[in-house]
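The values are calculated or read from the model by the stated rules, or taken from the named source; none is laboratory data. Here the structure is a predicted model, which is why all the values come from computation and not from measurement. Neighbour counts run over all protein chains shown; Cβ positions are idealised from the backbone, glycine included. Areas reflect the complete protein model, heavy atoms only, side chains present, ligands, DNA and RNA absent. Shrake-Rupley method; radii C 1.70, N 1.55, O 1.52, S 1.80 Å.
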Amino acid sequence: MPGHETTIRQRGGRRRWLALAVAMLCGGAAAQASCDRPLKVAVSDLGLGSYQEQGQIRGLIPDLVNELQTRTGCPFQLVFLPRARALLDFDRGAVDIITSMLRTPERDRVGAHLPYGYTKHDLLVVPEAATGLRGLADIVRRPELTLGVVRGIRTNSRIDAHLEQLLAIRRAEYSPDFTNLGAKLAARRVQVALMPNAVHVKMRRDGTLPADLVIVDEPEARPQVLGLYVNRQAVPVRTIALLDQRLTEMVKTGWVRQCYAQHFGEAETRRMDNALKAN
C-alpha cells in the first residue's frame, strides 16, 4: 500500500543470508537460472484474498502471484486447498509457498516471510446489539451477547486475550467456516462476529451476510502485516532472494496498493491506510 513500503519492510525484517543471496543474482540469466521448476503456491478460501468462481481461482492473491511470475520468470502452480491442509503441506515441504500469512516464530523455522500488505479484523454486530459496543471488552461486560469466530482464527494482538476469556466463560462459540458464521449471525444465534476485512467485505457484496449488520472497528485489532511464506526446505535461497526483490519492487511502486483498491474498493483501502497511519 503506498506510503507504507518502509513499514512493511521494517516489520518484515531483513535477513542477512537473504541479502547475500540477492547479491548472487547477476542479471536476467541468473534470475532465470534461480527458478528451475514450477513453484507450488497454496491458496485457500479467504474472501477477497482468494476464492473460486466458475472453476477459476480469483482474488488479490492470484493477481499478485501472476504479477510476481511475470516479474521473476518463475513458473507458479496455484493449488486451492483448505487452510488447515495448506498449512500442513507447507510444514512438511509439499508446498513451496503459502499466502496471506501473519509472521510467527513457529513458521519462521520453516519458511522466509516476504511481506506485501495488511489485514484488519473487525466486529460485525447485529443492529439491536450495536448501541454502546465499541470492542470485545464490551462483550465481556454484556452477558446477553455471544461472539462467533471461525476456529483457528487469531489476530496476533491483544484481542486474542479477550477471545480466550469469552471462550472460557462460554460466551463465544466456534464455527467451522465463515459461511456457517454468517448463517449464525442471520439467525441471531450469535450477536457479534469477528472477521478479517477481506472476508466480510466479500460476503457483504455477495449478499451472504445480513445487510443491516453494523461494522465496529475494534480499536485493539490493529492492522497486521501479511506476507508470503516461502519454504526454505524446498526452495533455493537464490530463488527466495529473487522473489523478495521483485515483491519489494511491487510494494514500492504502488502496484500492491493499486491491487488492493481494485479488489477491496478505494474506501476500504483508504480505511486501511488511515488505520496504519494511526498506529
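When restricted to residues that are over 29 Å from Gly73 (Cβ atoms) and not in a helix (DSSP H, G or I), the range 244-279 contains 2. Of the listed requirements (1) surrounded by fewer than 19 Cβ atoms within 10 Å (Cβ to Cβ); (2) closer than 18 Å to Ala161 by Cβ; (3) within 17 Å of the chain's Cα centre (by Cα), Leu123 misses just one: (1).
Among the residues of the range 151-171, is there at least one that is among the acidic types (Asp, Glu) and within 30 Å of Glu249 (Cβ to Cβ)? No, there is no match, as no residue in the range 151-171 is among the acidic types (Asp, Glu) and within 30 Å of Glu249 (Cβ to Cβ).
Of all the numbered requirements in (1) modelled with pLDDT of 95 or more; (2) open to solvent by 10 Å² or more (accessible area, probe 1.4 Å); (3) part of a strand (DSSP E or B), Tyr116 misses one, and that requirement is (2).
Residues are listed down the side, and each one gets a yes or a no for (1) buried (at least 21 other Cβ atoms within 10 Å of the Cβ); (2) assigned to a strand (DSSP E or B):
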residue: Arg188; (1), (2): no, no
residue: Ile215; (1), (2): no, yes
residue: Arg222; (1), (2): no, no
residue: Leu226; (1), (2): yes, yes
residue: Val235; (1), (2): yes, no
residue: Ile240; (1), (2): yes, no
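In this structure, is Ala172 without any contact (Cβ under 8 Å) to a residue 40 or more places away in the chain, surrounded by 19 or more Cβ atoms within 10 Å (Cβ to Cβ) and farther than 30 Å from Val65 by Cα? The answer is yes for Ala172.
Restricting attention to the range 136-145, the residues being open to solvent by 30 Å² or more (accessible area, probe 1.4 Å) and either within 23 Å of Ala187 (Cα to Cα) or over 25 Å from the mean Cα position of the chain (by Cα) (or both) number 5. Pairing each residue of the range 142-161 that is of a type in the set (Asp, Glu) with any residue that is assigned to a loop (DSSP other than H, G, I, E, B) and surrounded by fewer than 19 Cβ atoms within 10 Å (Cβ to Cβ), provided the two are 6+ apart or on different chains, yields C-beta distances under 7 Å for Asp160/Arg154. All conditions but one from (1) open to solvent by 30 Å² or more (accessible area, probe 1.4 Å); (2) of a type outside the set (Asp, Glu); (3) under 15 Å from the mean Cα position of the chain (by Cα) apply to Ile98; the one that does not is (1).
On inspection, Pro210 passes the criterion of being open to solvent by less than 60 Å² (accessible area, probe 1.4 Å) and either outside any strand (DSSP E or B) or not aliphatic (A, V, I, L, M) (or both). Residues in the range 175-184: is at least one in contact (Cβ under 8 Å) with a residue 60 or more places away in the chain, under 20 Å from Leu48 (Cα atoms) and either surrounded by fewer than 16 Cβ atoms within 10 Å (Cβ to Cβ) or over 23 Å from the mean Cα position of the chain (by Cα) (or both)? Yes: one or more hits.
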